[in-house]
Amino acid sequence: MPTAMRRGRVVISGLAPIVDCGKYPIKRAAGESVTVAADVFADGHDAVSCVLLYRRAGAVEWTEAPMTALPNDRWRGEFLVPHVGEYYYTVEGWVEAVQSWRRDLMKRIKAGQDVSIDLLVGAQLVAGAAARASGRDADKLRRWGAELAGGAPLAPRQGLALDDEMAALALRYPDRRLATRYEPELAVTVDRPKARFSSWYEMFPRSTSPQEGAHGTFRDCEARLPYVASMGFDVLYLPPIHPIGKTFRKGKNNSPAAEPDDVGSPWAIGAEEGGHKGLHPALGTVEDFERLVAKAAEQGLEIALDVAFQCSPDHPYVREHPEWFVHRPDGTIQYAENPPKKYQDIYPLDFESEKWQELWEELRSVVLYWIGKGIRIFRVDNPHTKAFPFWGWLIAEVKHQYPETIFLAEAFTRPKVMHQLAKLGFTQSYTYFTWRNTKAELIEYFTELSQGGAREFFRANLWPNTPDILPEQLQYGGRPAFIARLVMAATLGANYGIYGPAFELSHNQARDPGGEEYLNSEKYEIKRWELESVWSLRDVIARVNQVRRENPALQSDWSLKFHETDNEMLLCYSKTTPDLSDAILVVVNLDFSHTHSGWVTLDLNALGLDEVHPYQVHDLIGENRHLWTGRRNFIELNPQVEPAHVFRIRRKIRTERDFDYFL
């Protein structure tokens, strides 16, 4: 195919950030900035200039931001995205004739050459700038151009040509008729701040009754709200609250044979009482649910609902729309499997059905129904087992109407699949943190998450446990393991969550040796938790969440930096704000049974420190304070006393009265 004829000489390439050549948007939260870099150059020796163009969706005019020249023809600029929604950006570059002329003129004058013709060339360029200007600027430029071209002696005209004020004014009005603009324009999805920073607490509503064995209600959940809020969480996530099927209902501990009083798995959605828009009758009414959402908001909590697009055999969809399911050769509907596991109580939906459009539209209506009840956060169950095109369509449809909606992907699957879901619009994602235990594993994984290219679209949400996963370190590490994993989840990630009350009560009994399923799992039975136990980690969790709220350094991920230690059981890392006014240093003992000590070697520059001046490290969990100097300092952590330090670095400030204090 022939190359299109184009006179513009500037080349723009290597633009970043960009996801899959611009096919998918990058992500930011409202109030953040987007830093854009690009290679901008032209043939020959002429100078080039460029600007960063950006606009909010719906705006016609572009706003320009300056770009700064870096070595090797690289340029960089940035712009703010203050509002939720979509923004677009690109880069435009042009040959800068005035700058090129002035640069070469200086060389000729220095070499003692005749520059009379060059001054006339400059006069023409300045006149051109005057024609593009207006008002007083145009008048100034016309006068300067006339003086450059006039009959005055050469020396004062040379001085005028080299006048920085004149040059700066002329450069404000460049000739951009042959400018090159990078195509296609690129998109930014801007979410509300909670997409970047949130603390989640998962709770089964049916286990909130104060009476042993009784099914909890939404009113019981209301009574539990102050407890959750007191620990400093801002998102209360509820597993499915819909009617539960009876056909092939699972019994306690996932037994294939249920007893008459077994309540079944909430993820086996659908019964005579309704489906995905229905409520389990024992929980209460729609009015009760709406009241819960309002009462939660009064406590500073936002309710997140589980979206599990699957059905029990008793779901109305099975009867009314059998075409939405896969049928086996014997005519029966295919139940869910993850061989060798079988989920006879769950029928997966067929996203390739001949009636796929009707199915997709119905599922969209489910999300919009709950949005109508006040929900703006959805935790999506196993999205990697549903069609990618469906998620791209659904999320775009929902966010077009409700851009503040947050979707968390529960996708413990292959990295590229997790990344594709994020590209398609999922706001946050579960991660492999649950299984990253050694120092090397943690450093490698979180360096990838915070510094790799995927950070532009993939937001991590760290969970030390879930109803499906009781990891080995929590089974055998005791209370120190729960505290250490809490601290790491809450400080390595700006978004994190716990499944409670199992977590704060250090519930650690596995169903099978070597397995990760809880014994007597709450997924299959009602639990009554002893919330007032003296062994509860409630106060520790509350303190950790308070530290997160009070320190902006912990409210984003990109500043994460690991520091050297001479002991493989000591993990050290920091987070800072861009201006280094807030710096948090964390040291964790990864051995939950033994005391470990060693030397940490800090990157002082990353923390805004130097080798000479002392600084205080204030332990925000244990409240101890230590005075350190230089990059090497000694640490000792007894996991039975304090498995981790969360230090705030305080620099010494000298007042006018010669009194030192630490800021």
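The values are calculated or read from the model by the stated rules, or taken from the named source; none is laboratory data. Here the structure is a predicted model, which means the values were calculated and not measured. Cβ placement follows ideal geometry from the backbone for every residue including glycine, while neighbour counts extend to all protein chains displayed. Accessible surface is based on the protein model in full, side chains and every heavy atom, while ligands, DNA and RNA are left aside. Shrake-Rupley method; radii C 1.70, N 1.55, O 1.52, S 1.80 Å.
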Looking at (1) more than 17 Å from PHE446 (Cβ to Cβ); (2) out of contact with any Gly (no Cβ under 7 Å at 6 or more places or on another chain), which is the one condition that is false for ALA583?
-> (2)
Going by the conditions given, is ALA167 in a helix (DSSP H, G or I) and touching a residue at least 60 places away in the same chain (Cβ under 8 Å)?
-> yes
Kindly indicate whether GLU212 is within 30 Å of LYS423 (Cβ to Cβ) and in a loop (DSSP other than H, G, I, E, B).
-> no
Among residues of region 161-189, those that are hydrophobic (A, V, I, L, M, F, W, C), open to solvent by less than 30 Å² (accessible area, probe 1.4 Å) and in contact with a helix residue (DSSP H, G or I) (Cβ under 9 Å, 6 or more places away or on another chain), counted = 7
Name the one entry in SER581, SER593, SER597, SER574 that is among the hydroxyl-bearing types (Ser, Thr, Tyr), more than 22 Å from PHE482 (Cβ to Cβ) and more than 23 Å from the chain's Cα centre (by Cα).
-> SER597
Might you let me know whether region 369-390 holds any residue that is farther than 30 Å from ALA297 by Cβ and under 18 Å from the mean Cα position of the chain (by Cα)?
-> no
With the first residue restricted to region 229-252 and required to be farther than 12 Å from GLY264 by Cβ and among the small types (Gly, Ala, Ser), and the second required to be at pLDDT 95 or above and in a loop (DSSP other than H, G, I, E, B), Cβ contacts under 7 Å at 6 or more apart or on different chains are ALA229/GLN299; ALA229/GLY300; ALA229/LEU301
Among (1) surrounded by fewer than 17 Cβ atoms within 10 Å (Cβ to Cβ); (2) more than 25 Å from TYR173 (Cβ to Cβ); (3) small (Gly, Ala, Ser), ALA29 falls short only on (1)
Which of (1) part of a helix (DSSP H, G or I); (2) under 22 Å from ILE244 (Cβ atoms) does ARG364 not meet, given it meets every other one?
-> (2)
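Assess whether VAL417 counts as being part of a helix (DSSP H, G or I), within 25 Å of ILE469 (Cβ to Cβ), out of contact with any Cys (no Cβ under 6 Å at 6 or more places or on another chain) and open to solvent by less than 40 Å² (accessible area, probe 1.4 Å).
yes
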Per the list (1) part of a loop (DSSP other than H, G, I, E, B); (2) under 30 Å from GLY128 (Cβ atoms), residue check on GLU259 breaks on (2)
Is there any pair linking a residue in region 289-304 that is on the phi < 0 side of the Ramachandran plot and polar (S, T, N, Q) to one that is assigned to a helix (DSSP H, G or I) and surrounded by 18 or more Cβ atoms within 10 Å (Cβ to Cβ), with Cβ under 7 Å and at least six apart or on different chains, and which?
-> GLN299/LEU225; GLN299/ALA229
Kindly list the number of the only condition in (1) in contact with a strand residue (DSSP E or B) (Cβ under 6 Å, 6 or more places away or on another chain); (2) without any contact (Cβ under 8 Å) to a residue 40 or more places away in the chain that fails for PRO403.
-> (2)
Take the residues of region 421-465 that are surrounded by 19 or more Cβ atoms within 10 Å (Cβ to Cβ) and among the polar types (S, T, N, Q): which is farthest from LYS523 (Cα to Cα)?
-> SER450
Give the residues of region 306-345 that are closer than 13 Å to ALA271 by Cβ, open to solvent by 20 Å² or more (accessible area, probe 1.4 Å) and among the acidic types (Asp, Glu), sorted by residue number.
-> ASP314
Filtered residues of region 242-268 (kept if open to solvent by 60 Å² or more (accessible area, probe 1.4 Å) and hydrophobic (A, V, I, L, M, F, W, C)) | PHE248, ALA257
Out of LEU537, LEU519, sole residue that is at pLDDT 95 or above and open to solvent by less than 10 Å² (accessible area, probe 1.4 Å) | LEU537
Using the structure shown, decide if ALA484 is open to solvent by less than 20 Å² (accessible area, probe 1.4 Å), of a type in the set (A, V, I, L, M), assigned to a helix (DSSP H, G or I) and touching a helix residue (DSSP H, G or I) at 6+ places or on another chain (Cβ under 6 Å).
-> no
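Among residues belonging to region 346-376 that are within 30 Å of ALA294 (Cβ to Cβ) and aromatic (Phe, Trp, Tyr), point out the one that is surrounded by the most Cβ atoms within 10 Å (Cβ to Cβ).
Ranking the qualifying residues of region 346-376, first place goes to TRP370.
Could you tell me which of the residues VAL81, VAL98 is open to solvent by less than 50 Å² (accessible area, probe 1.4 Å), over 18 Å from GLU165 (Cα atoms) and either β-branched (Val, Ile, Thr) or more than 50 Å from the chain's Cα centre (by Cα) (or both)?
Of the residues listed, the single one that is open to solvent by less than 50 Å² (accessible area, probe 1.4 Å), over 18 Å from GLU165 (Cα atoms) and either β-branched (Val, Ile, Thr) or more than 50 Å from the chain's Cα centre (by Cα) (or both) is VAL81.
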